1. Go through 23/62; 2/51; 2/60; 23/48; 35/62; 35/67 and tell me which ones have a Cα-Cα distance over 21 Å in this structure.
2. In whole angstrom, note down how far apart the Cα centers of the stretch 1-31 and the stretch 39-73 are.
3. Cβ under 10 Å from residue 19's Cβ, residue 19 left aside: what net charge do those residues give with Lys, Arg +1 and Asp, Glu -1?
4. Quick one: net charge of residue 69's neighbours, Cβ under 12 Å, K/R +1, D/E -1?
5. How much area per residue is accessible in the chain when the probe is 1.4 Å and only protein heavy atoms are counted (Å²)?
6. Add +1 for every Lys or Arg and -1 for every Asp or Glu among the other residues with Cβ under 10 Å from the Cβ of residue 45, and state the total.
7. Give me the percent of the accessible area of the chain that comes from carbon and sulfur atoms, probe 1.4 Å, all protein chains in place.
Amino acid sequence: CKMMAPVLNSVASELTGDAAVGKINIEQYQEMAAKYNVRSIPTLILFKNGKEINRFVGGKTKDFLVKQINQNK
C-alpha cells in the first residue's frame, strides 16, 4: 500500500536487533497473499520466530507500530 510505505520505511530505519520490516506486493505474489489470508490492503502482520503473533488491517501510525514491535520482542 503506497499510503503505508513512508511509515514502514521510517519504522524500519529505527529498528535495532533482529527486528526487520518487509513489504510484499500482493498483486505480484498472489500465492503468498493467499497463504497468509490477506484480504484487505494494507494488512500488517507481526511475526516472531517465523510465526504470526499479531495482525493489523488498515493504516497505522509509526508510533503504534514501533510500540507493537517493542512489546513483542
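1. Pairs exceeding 21 Å: 2/51; 35/62; 35/67.
2. Rounded to whole Å, the Cα centres lie 10 Å apart.
3. 0
4. Here the count lands on +2.
5. For the chain, the solvent-accessible area averages 76 Å² per residue.
6. Around residue 45, the charge tally is 0.
7. 49 percent
The values are calculated or read from the model by the stated rules, or taken from the named source; none is laboratory data. All of these numbers come straight from a predicted model, not from anything done at the bench. All Cβ positions, even for glycine, are placed from backbone atoms using ideal geometry, and neighbour counts span all protein chains on display. Surface areas here come from the heavy atoms of the whole protein model, side chains and all, with no ligands, DNA or RNA. Shrake-Rupley method; radii C 1.70, N 1.55, O 1.52, S 1.80 Å.
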